[in-house]
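No value in this document is a laboratory result; all are computed from the given coordinates. Here the structure is a predicted model, which means the values were calculated and not measured. As a convention, Cβ positions derive from the backbone with ideal geometry for all residues, glycine included, and neighbour counts pool all protein chains shown.
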Amino acid sequence: MTRRGQDWVLRGFRQFDAPVSVVVTYDRSIHGGDIAPFDCGAVTNALVNAAWSRGLGCVVNSQGIMQSPWCASMRESPTTRSS
């Protein structure tokens with residue numbers, strides 16, 4: 001892979017330095033069927049359509065999720081939540 005190609009991949013893990021990133025997910029307790037992934041897809045589709053209808057460009061990018069330390073740094077888990 002070229003240096004520019006590698007830079008592009010690494011930027012993808014940072015969500016291309018977008019000012020906002022929305023992560024749509026579901027709880028493990030409902031994993032195993034088709035409904036949860038389907039619902040996540042429907043929610044994601046609705047968010048993208050709503051954004052575009054307001055003139056806000058957005059894309060669906062799953063690459064950042066593959067980098068779990070990045071994802072963990074972006075979320076607030078019950079163990080790190082301040083009271």
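Using a basic spin-label model with each label point 7 Å from the Cα along Cα→Cβ, how many nm lie between Val43 and Ala18?
Here the answer is 1.5 nm between the modelled labels.
For the range 1-59, which trypsin sites (Lys or Arg not before Pro) are both in a DSSP coil and crowded by at most 13 other Cβ atoms within 10 Å?
Arg14, Arg54
Rounded, prolate or oblate: which fits the range 13-57, taking a ≥ b ≥ c as square roots of the Cα gyration tensor eigenvalues, rounded meaning a/c under 1.5, else prolate when a/b beats b/c?
Numbers: a/c = 3.82, a/b = 1.62, b/c = 2.35.
Since a/c reaches 1.5 but b/c is at least a/b, the shape of the range 13-57 is classed as oblate.
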